[in-house]
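Here the structure comes first, spelled out in structure tokens, and everything after it is commentary.
The numbers here are math on the coordinates, done by the rules we state, and not lab data. Nothing here was measured: the structure is a model prediction, and the numbers come from that model. Note that each Cβ is placed from the backbone with ideal geometry, even for glycine, and that neighbours are counted across all protein chains shown.
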Amino acid sequence: MKAAILYKSGSTPKCGDIDLKLNTEQEGKLINVKASAVKNLDKSRVSGKHYASYKEFPTVVGTDGVGELEDGTRVYGFGLTGMLAEQALIGDNYTPIPHSLDYVTAAALPNAVLGSAMPLLIRAKLVAGQTVLFNGATGVTGQVAVQIAKHYGAKNIIVTGRNERLLEELKSYGATHIINLKDTDENIKTQINSIHQQTPIDIVIDYLWGKPISLIIETLKGDSMAFVSHTTKIVTAGDMAGKEISLPSAILRSSAIEILGSGFGSLSPEELIVFNKVILPEMFLLASNNKLHIQTESYPIEDIEEVWNKQLPSGTRLVITI
């Protein structure tokens, strides 16, 4: 079968022919793959820098994708075998795809929904009417997150980022305040503080960590014994601006800030079932009704070697069609 094959850790996958390798421990469903998104996780595994990097070669790459089961049912699923191939094996926890939703969009959405809906709905437990700040919202996941927050009733949606064009576009998705991270530290803190004084920030979904989240925490901390702190849940879902911060004990003692994480290790098996069976189907339906948007560029699997490291416009997901 045709597939994106990795012959050596750290190299670029190439399109070639390979047999679908199964072993006696693998139990799942055969899927005729139609499309698979290339995400940071996929690139990290291929580079050899991820804890789940490939160990045996040659191997088919790709962690998830969309296609058709043997009975024609259109589904999204995680691969028990590499998903950038004409055929793959997926687990039983798959998600049906509406017939009105194209495969490219269906392949691009799940990872973005996982990184946006889960921190927002499961970890932070968004309630309609709350104020949410998305730190680093101009990426693929951040753009989807803003739309999901709007859909679930967030009253005020604050977004930060460095891409001025995309920050302006986020207004059409529901953002009520935009903050340019190219501004000075003092101006950024002043803007956040001004908003926080008018409509206290209930939730921060952070995709950056590093300096940007430090500025936000510094703004939300208490400054006197008479200070009455508003409870703000900070959920970290990425570290694009830095993997570490300095967090003095006094900041947490002087405020009602709660810091959480969102990722596979923080989500229970039951919550991941909710993702596949409840949240993702709703997002697929919204997308099929043109109420949830994601920017994509798609290329056939024959071009995998050429486009694997292609620089796409900010906020755009690469999807490979098979």
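Quick notes
- Compactness of region 130-252 - radius of gyration and Dmax, Cα, Å: 13.7, 42
- For the peptides 210-219, 140-149, residues were scored by their other Cβ atoms within 10 Å and the scores averaged per peptide; the highest-first order is 140-149, 210-219.
- What separates the Cα centres of region 293-322 and region 231-284 is a distance of 28 Å.
- For region 110-208, averaging the sequence separation of C-alpha pairs within contact (under 8 Å, six or more residues apart) and dividing by the residue count gives a relative contact order of 32 percent.
- If the chain linking residue 68 and residue 247 were pulled fully straight, counting 0.36 nm for each residue of separation and taking away their Cα-Cα distance, it would gain 59.6 nm.
- Summing Lys and Arg as +1 and Asp and Glu as -1 over all other residues whose Cβ lies under 10 Å from the Cβ of residue 295 gives a net charge of -1.
- Filter on 39/125; 21/125; 277/310; 43/221; 29/55; 29/150 - keep pairs with C-alpha separation over 30 Å: 21/125; 277/310; 43/221; 29/150
- The chain - mean residue ellipticity at 222 nm from DSSP helices (-39,500 (n - 2.57) per run, n ≥ 4, rounded to 500): -8000 deg cm²/dmol
- Each peptide among 299-309, 27-37, 267-277 gets the average number of other Cβ atoms lying within 10 Å of its residues, and from highest to lowest they stand as 27-37, 299-309, 267-277.
- Ordering 244-252, 285-293 by mean Cβ neighbour count within 10 Å, with the highest value first, yields 285-293, 244-252.
- Residue 230-residue 183 pseudo-label distance in nm [points 7 Å out on the Cα-to-Cβ vector]: 1.7
- When the inverse distances between all different Cα atoms of the chain are averaged and flipped, the Kirkwood radius reads 20.7 angstrom.
- Amide H to amide H, with H built 1.01 Å from N, residue 126 comes under 5 Å of 121, counting only residues 5 or more places away or on other chains.
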